[in-house]
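Asker: Starting off with a structure, shown below.
The values are calculated or read from the model by the stated rules, or taken from the named source; none is laboratory data. As the structure is a prediction and not an experimental result, all values here were calculated from the model. All Cβ positions, even for glycine, are placed from backbone atoms using ideal geometry, and neighbour counts span all protein chains on display. These accessible areas exclude ligands, DNA and RNA; they are computed on the full protein's heavy atoms, side chains included. Shrake-Rupley method; radii C 1.70, N 1.55, O 1.52, S 1.80 Å.
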Amino acid sequence: MTPRTQGLFFALTAVSIFAVQDGISKHLGQAYPPVFVAMIRYWFFAAFVLALATRNQGGIRQTAKSSRLVLQIIRGSLLVFQIVVSIYSFANVGLAQTHTIFAAAPLVVACLSVPLLGETVGWRRWAAIGVGFIGILLIIDPLHASFSASIIVPITCTLMFALYSVLTRMVSRTDTSQTSFFYTGIAGAVAITLIGPFYWTTITPDYWFWMLALCVTGMTGHYLLIRAFDVLDAVVVQPIFYWQTVLVCLIGTFIFGEVMSWNMIGGCVIVIGAGLFTILREAQLGKRRPPVQPPGSL
């Protein structure tokens, strides 16, 4: 295979693994506190990050050097708690509905980039953002369905991840991607460990397999994603993450018995289309930014 073909294979395999990981997270989140599940997952992730850091030039000490240390700690802590909210949403709202709403994350990032990063968003992207939020309304269907407060959970999850993505762009102006990845794992692991032990629960033997599978899929998915970014530009990889949305909806429907209504399907198509336009438009304008990571990529 050519390097580009290998990169595409790595990216597709990675997002497919992340989709499976979300299904495992839902299964575990229905049996154990989401904070506890995220803590175990992050302990393995932190070990993976440390192992990668030792292979970087200068080792852990050089990798940990940051010009914006406080901001790195904030964004790493924000992501781990966003993952806690995601696991709760998977277990209590549903995989399909959570991911159809979460597909709007790139649109929210574009909105937040104006006040927080001082970037300019042209009328085409504002139009795409408007169309995308119409898709979100179609998914929620406020006129024909009784409003449930639970819908706030995936919306909160989306907003948290969008803010994390904007903070990642901020630190990318001064820190390397290796440093940002280091603090994503280490700061997140430390933050969740301050709270997680209060939710400690004994894992039964039949769930140890799923907990181990959660950790292994996370590390494997990240390794393949890193390999993909070695040979592909971010603009090529970013749209592939929407394949995760499709797979997660299929897993939710056929494995967990969730219902994908026609308004959810139509709204998801609109949101994905608007998100793809936004990503490609930013690429055309020559904006160099780090990739926006999906909820299941850690």
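Asker: Efficiency by 1/(1 + (r/R0)^6): what FRET value for residue 176 and residue 276, r their Cβ-Cβ distance, R0 = 25 Å, to the nearest 0.05?
Answerer: Once rounded, the FRET efficiency stands at 0.35.
Asker: Using only helices, what value at 222 nm comes out for the chain when you add -39,500 (n - 2.57) per DSSP H run of length 4 or more and divide by the total residues, to the nearest 500 deg cm²/dmol?
Answerer: Value at 222 nm, helices only, nearest 500: -25000 deg cm²/dmol.
Asker: Quote the convex hull volume per residue of region 1-49, based on C-alpha atoms, as a whole number of Å³.
Answerer: It comes to 74 Å³ per residue, whole-number rounded.
Asker: Here's a follow-up. Given the C-alpha atoms of region 112-243, compute the convex hull and give its volume per residue in Å³.
Answerer: It comes to 199 Å³ per residue, whole-number rounded.
Asker: How fast does region 178-250 diffuse by Stokes-Einstein, in µm²/s, taking the Kirkwood radius from C-alpha pairs at 25 °C and 0.890 mPa s?
Answerer: Value of D from the Cα-based Kirkwood radius: 161 µm²/s.
Asker: I've got another one for you. Would you work out which of 201, 131, 184 lies farthest towards the positive end of the dipole of region 111-234? Charges go on Cβ: Lys and Arg +1, Asp and Glu -1.
Answerer: 131
Asker: Can you list, largest first and rounded to whole Å, the semi-axes you get for region 42-182 by taking the square root of 5 times each eigenvalue of its Cα gyration tensor?
Answerer: Computed over region 42-182, the values are 33, 20, 10 Å.
Asker: Of 11, 74, 257, which is farthest along the charge dipole of the chain in the positive direction, counting Lys and Arg as +1 and Asp and Glu as -1 at C-beta?
Answerer: Final value for the positive-end residue is 74.
Asker: Can you list the HN-Hα couplings for region 247-263, worked out from phi with the Karplus curve (6.51, -1.76, 1.60; θ = phi - 60°), rounded to whole Hz and with x for Gly and Pro?
Answerer: In residue order, the calculated couplings are 5, 4, 4, 5, 4, x, 6, 8, 9, 9, x, 6, 10, 9, 6, 5, 5 Hz.
Asker: Order the peptides 217-228, 97-108, 81-92 from the highest to the lowest mean number of other Cβ atoms within 10 Å of their residues.
Answerer: 97-108, 81-92, 217-228
Asker: With +1 assigned to the C-beta of every Lys and Arg and -1 to the C-beta of every Asp and Glu, and no other charges, what is the dipole magnitude of region 97-219 about the Cα centre in debye, to the nearest 20?
Answerer: 340 debye
Asker: Using a 10 Å cut-off on Cβ atoms, rank the peptides 20-26, 263-269 from the highest mean neighbour count down.
Answerer: 20-26, 263-269
Asker: On the protein heavy atoms, probe 1.4 angstrom, tell me the percent of accessible surface of region 63-110 carried by carbon and sulfur.
Answerer: C and S fraction of accessible area: 63 percent.
Asker: May I pose another question? Apply the Karplus curve 6.51 cos²θ - 1.76 cosθ + 1.60, θ = phi - 60°, to the phi angles in region 124-134 and return the couplings in whole Hz, x for Gly and Pro.
Answerer: 5, 6, 4, 5, 4, 4, x, 5, x, 6, 5
Asker: With unit charges on the beta carbon (Lys/Arg positive, Asp/Glu negative), name the residue among 154, 238, 170 whose Cα is farthest towards the positive pole of the charge dipole of the chain.
Answerer: Toward the positive end, the furthest listed residue is 170.
Asker: Please state the charge dipole magnitude for the chain, taken about the Cα centre, from unit charges on C-beta atoms (+1 on K and R, -1 on D and E), reported in debye and rounded to the nearest 20.
Answerer: So the dipole magnitude of the chain works out to roughly 900 debye.
Asker: Gain in length, residue 134 to residue 114, computed as 0.36 nm per residue apart minus the alpha-carbon separation, to one decimal in nm?
Answerer: Working it through step by step, the gained length comes to 5.1 nm.
Asker: Could you tell me how far the Cα centroid of region 211-242 sits from the Cα centroid of region 42-103, in Å?
Answerer: One Cα centre to the other: 13 Å.
Asker: Right, something else. Let me know the Kirkwood hydrodynamic radius for the chain, please, with Cα pairs as the basis and the value in Å to one decimal.
Answerer: About 19.5 Å, per the Kirkwood formula over Cα pairs.
Asker: Right, something else. Kindly identify region 173-217 as rounded, prolate or oblate by the Cα gyration tensor criterion: order the square roots of the eigenvalues as a ≥ b ≥ c, call it rounded if a/c is under 1.5, otherwise compare a/b with b/c, prolate if a/b is larger, else oblate.
Answerer: Judged from the Cα gyration tensor, region 173-217 comes out oblate (a/c at least 1.5, b/c at or above a/b).
Asker: Using the per-residue mean of other Cβ atoms lying within 10 Å as a proxy for protection, in what order, highest first, do the peptides 125-136, 52-63, 178-189, 159-170 fall?
Answerer: The most tightly packed comes first, giving 178-189, 159-170, 125-136, 52-63.
Asker: Leaving out ligands and nucleic acids, and using a 1.4 Å probe, what accessible area per residue does region 49-142 come to in Å²?
Answerer: Accessible surface, normalised per residue, equals 44 Å².
Asker: I need the Kirkwood Rh of region 1-87: take the reciprocal of the average 1/r across all distinct C-alpha pairs and report it in angstrom.
Answerer: 15.4 Å
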